[in-house]
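Contents: one structure, followed by commentary.
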């Protein structure tokens, strides 16, 4: 029974048609900055280096700005139009990749009263996916970088990547410090 | 019927086979769904869509140079699907003085899959990668096309893009994309904010 469950679990993994989806976030900040005194911010226009129509458009920029704005407000910061303590901007790039996927045949072992069988594998097949890199930068009033969040995400298509990016921005900014560390 | 009975063994065997087959079938269906097309819709979050009542259909463009998809019949059928979906959302089509201008376009990228499983993008239907000899398809290896349908809505008064839907799908045959264009349009336009009458 355990062997059969193991085999079925292997089959589940091998028949998955989705590429390996990965997401990786990293945050760095200036430890010498007292973030507790930096309570206001302004958004600067982001940079997008993508040819995908689902990403390179004003509505996507608006969605990203709204996500960044909303998350910073949750952190207790206030958006101002003049003399902000912090200036926030984002940049995004993406690239399309192709890998080769092979599925080996899976042997379902014999069980008492039941003969085992072999689930045939599949030959080399292409696996297309897109990797996007989102960078959110926060500068102080002097123009010095005080905080950077980077999120690298792999999705099977451009629309899925576009849909996930505003959530990724929120995840990054949830780690924005609000007091001196 | 006790577990040791011959009839039980036979029926229990068939039950187990059917249960396993059902599980495998469910798994394959899930895998197929996972491999289906994806779409995303973005709209202007600062615009009051209740004030938008009318639209006009303008651009329809197919940038795939294949006769089974780039023809007036497919363009007309897809445009009709876009029109029907917007009318179903409560908008009204007018010839002049509309609030929205609606355009749609289809672009595509074909791939050639070589014997090692690598997907090589074709340019103008020909494999032009630097490390492969220039050759056409000889009917052996599989190939597929990724089609991208984009529907744009622009507010005429401001000239700004206020709604965009993008659908990407990979199909073995380009004709498969052509057949499904109305369904893609309908699915995306179902996310347009409905106008209450």
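The values are calculated or read from the model by the stated rules, or taken from the named source; none is laboratory data. In this text the structure is predicted, and so the values were computed from the model without any measurement. Using ideal geometry, Cβ is built from the backbone for each residue, glycine included, and neighbour counts are taken over all protein chains shown.
Of all the numbered requirements in (1) within 14 Å of another protein chain (Cβ to nearest Cβ); (2) closer than 30 Å to residue B:112 by Cβ; (3) modelled with pLDDT of 95 or more, residue A:93 misses one, and that requirement is (1).
Summed over the stretch A:74-96, the residues that are surrounded by fewer than 12 Cβ atoms within 10 Å (Cβ to Cβ) and more than 19 Å from residue A:39 (Cα to Cα) give a count of 1. Can you spot a residue in the stretch B:72-87 that is modelled with pLDDT of 85 or more, touching a strand residue (DSSP E or B) at 6+ places or on another chain (Cβ under 6 Å) and not in a helix (DSSP H, G or I)? No, because not a single residue in the stretch B:72-87 is modelled with pLDDT of 85 or more, touching a strand residue (DSSP E or B) at 6+ places or on another chain (Cβ under 6 Å) and not in a helix (DSSP H, G or I).
Taken as a whole, the structure places residue B:64 among residues that are at pLDDT below 90, closer than 17 Å to residue B:182 by Cβ and surrounded by 13 or more Cβ atoms within 10 Å (Cβ to Cβ).
Can you say whether residue A:41 is over 29 Å from residue A:131 (Cα atoms), buried (at least 16 other Cβ atoms within 10 Å of the Cβ) and modelled with pLDDT of 95 or more, as far as the supplied structure shows? Considered against the rule, which asks whether it is over 29 Å from residue A:131 (Cα atoms), buried (at least 16 other Cβ atoms within 10 Å of the Cβ) and modelled with pLDDT of 95 or more, residue A:41 comes out as yes.
Kindly establish whether residue A:83 is closer than 30 Å to residue A:148 by Cβ and under 24 Å from the mean Cα position of the chain (by Cα). For residue A:83, the condition - closer than 30 Å to residue A:148 by Cβ and under 24 Å from the mean Cα position of the chain (by Cα) - is not met. Output yes when any residue across the stretch A:120-128 is surrounded by fewer than 13 Cβ atoms within 10 Å (Cβ to Cβ), at pLDDT below 95 and not in a strand (DSSP E or B), and no when none is. There is at least one residue in the stretch A:120-128 that is surrounded by fewer than 13 Cβ atoms within 10 Å (Cβ to Cβ), at pLDDT below 95 and not in a strand (DSSP E or B). Within the stretch B:129-157, the set of residues being away from chain A (no Cβ under 13 Å), surrounded by 12 or more Cβ atoms within 10 Å (Cβ to Cβ) and at pLDDT below 60 comprises B:132, B:137. Residue pairs whose Cβ atoms lie under 7 Å apart, separated by 6 or more positions or on different chains, with the first residue in the stretch B:36-61 and within 8 Å of chain A (Cβ to nearest Cβ) and the second modelled with pLDDT under 95 and assigned to a loop (DSSP other than H, G, I, E, B), are B:38/A:157.
In the stretch B:140-151, what residues are without any contact (Cβ under 8 Å) to a residue 60 or more places away in the chain, over 11 Å from the mean Cα position of the chain (by Cα) and farther than 17 Å from residue A:98 by Cβ? Within the stretch B:140-151, B:140 is the sole residue that qualifies. Summed over the stretch A:48-64, the residues that are more than 7 Å from every other protein chain (Cβ to nearest Cβ) and in contact (Cβ under 8 Å) with a residue 24 or more places away in the chain give a count of 6.
For the stretch A:147-164, a residue qualifies if it is surrounded by 23 or more Cβ atoms within 10 Å (Cβ to Cβ) and assigned to a helix (DSSP H, G or I), and the qualifying residues are A:158, A:159, A:161, A:162.
If you check B:195, B:166, which single one turns out to be touching a helix residue (DSSP H, G or I) at 6+ places or on another chain (Cβ under 8 Å) and away from every other protein chain (no Cβ under 14 Å)?
Exactly one residue qualifies, and that residue is B:195.
Table: residues versus (1) within 14 Å of another protein chain (Cβ to nearest Cβ); (2) free of Cβ contacts under 8 Å to residues at least 60 places away in the same chain.
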position: A:143; (1), (2): no, yes
position: A:147; (1), (2): no, no
position: A:151; (1), (2): no, no
position: A:160; (1), (2): yes, yes
position: A:173; (1), (2): no, no
